1. Going by average Cβ neighbours within 10 Å, how do the peptides 386-393, 196-203, 266-273 rank, with the highest at the top?
2. Within a Cβ distance under 12 Å of L520, other residues only, what is the Lys/Arg minus Asp/Glu net charge?
3. Among K303, K211, K126, rank each residue by its count of other Cβ atoms within 10 Å, from fewest to most, as a rough exposure measure.
4. Obtain the nm distance between the two label points defined at A361 and K493 by a simple spin-label model: each point lies 7 Å from its Cα along the Cα-to-C-beta direction.
5. Helix by helix through the chain, keep the DSSP H runs that span 27 Å or more along the axis on Cα and average at least -0.5 on Kyte-Doolittle, and give those back in order.
6. For a quick check: sort L245, L506, L91 by the number of other beta carbons within 10 angstrom, fewest at the front.
7. Would you list which aspartates and glutamates come within 13 Å of K499, measuring only between C-alpha atoms, while excluding same-chain residues fewer than 8 positions from it?
8. Mean residue ellipticity at 222 nm from the helices of the chain, using -39,500 (n - 2.57) per DSSP H segment of n ≥ 4 over the full residue count, to the nearest 500 deg cm²/dmol?
Amino acid sequence: MKFKHSFFTFFGLLSVLSMSGQESWIVQLKEGQATKDFNNWYNPFQRSKKIDHRVLAPRFNIIEVKGEISRSEILSNPAVLFAEKNIQLELRASPNDPLVSQQWYLNNINALKAWDLTTGGLTFNKDTLVLAAIDHGFLTTHEDLKNRIWKNNFEIQGNGKDDDNNGYIDDVNGLSLRYKNEKHTVDNSSDGLSNHGTSVAGIMCGEGNNKTGIAGMMWNSKLMLTTFSANGNIGDLIEMFNYILDQRIRYNQSNGKQGAFVVAINYSGGLSFAKAADYPIWCGMYDKMGAAGIINCGATTNKYVDVDDEGDMPSTCPSEFLIAVTNTDRNNSRVYNAGFGLKNIDLGSPGESLLSTRSDATNSYSAFSGTSAATPVVSGAVGLMYGLQCKEWADYIKSNPVESARIIKKSLLASVDKNADLTGKTVSGGRLNIGRALDTLKKYVCGKTITSTMQELSIKAITPNPASTYINIQMDSNQSGEYNFGLYDLAGKSIIQQKIFINQNLTLPLPYLASGTYILRLNNQERTSSKKIIIYSEH
């Protein structure tokens, strides 16, 4: 079965997957550049170099380039904005502990109280909430998952057609790069991939109150599946991000008549010791998804690493719509072999010996551990918060998707159970408490007019982020006038200080700066607002 994509029509190039010396790159074109601008440069170049490419995210002009070509050669194309290495990703699970007899973590995070307010699935207005999982395969026939799998109602299974015109054939339950959408279940369990996705799915939304097996965080949510190819690289990840985002954009633009109301994405993988500045395209996807109202939950490394100093992807991406999660045990302490970082890891979540679904059989369960287990607990918690049952909130999350995501993340981090083991090691200083988070959210959004989390002065967005030669600042402010603009490195050293006049938008050139994460700060006489940005040097 073949994929269909309108952008593929001008890419009729010979596959060179088996050639020696080939490199694989993720490439993003500059804003306003058409793909044909790259193609005009590419065709004569291809005659002297054996190269091939595929579209990953057509909405954002992101492609994969593969062949005997260097990054500097790609960047010599005037249409190219960024180029980053395409690398195989790592899973973030630890070996299973002996089978546990109960889901101990539900009491730790106050889930029973949360379920008194909502068990997820539908909003007050009966809109179907969808979670998305990115992983290496799922047993879709498992007794605790089979009724929870999302179905693309605009696609007809097995007819060999792209019925919904989204570029993919037969994507009935989501996108399967490994099996061309024919299925999502991994055949070969010897590679260790078979159980990972199934266990993640069970923690997120194993069916509850069905007298069977376990209860996931969201009992009644639908789960959109996206499955890696056998290689499982960054290009796959970006293509799956784009697929999920496209479904949410279709939903937003059609007022729910098309697409899917995806509110959270779980990805329990990444790259250890990787710097965000080296992956501007990957990091840039989180703000793109946040602009549609999607929160991403990402697992940090299963290593004793201060990611602020030593790096980790995606933990160190600067997006406000990414929640980076570390792993805690039964005593609410951070597991020793789990990443930490005061600036980049948002909170802790239980992740040791969590009973979940397994791929061995349709009624199989076992313990699952690691940041891979901790992160879907948070993803499910985010979904529960979207499902809080009051009309004001149900209306708001559809009319204000970006601000809704901000409110949820702020409420979640403000409601943690603080402890000494996470203080100074995470942004929030504590471990997830979903019962308290829902109480906090309810007090803020139910029975009243919902106001923005933003103060009178705020930065709505910085584009592009990552940036190279310029930035455009978009403001949420009822004041136009003079502001103090500052750019600082993470150690607090001032890089730029100047006064600017701004109404709602302003474009500023940037001097040459070393690649890395910086803090942009604006203030007037009353308010201060700041935001992380990545500077990406092309030199």
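Readers should treat all values here as calculations from the given coordinates under stated rules, not as data from a laboratory. The structure presented is a predicted model; accordingly, all values stated were derived computationally and were not measured. Here the Cβ is made from the backbone with ideal geometry for all residues, glycine too, and neighbour counts use every protein chain on show.
1. With the highest mean Cβ count within 10 Å placed first, the list reads 196-203, 266-273, 386-393.
2. Computed value for this residue: +2.
3. Fewest to most other Cβ atoms nearby, the residues stand as K211, K126, K303.
4. Taking the two extended label points, one gets 6.2 nm.
5. 234-254
6. Lowest count first: L506, L91, L245.
7. Output for K499: E482.
8. -7000 deg cm²/dmol
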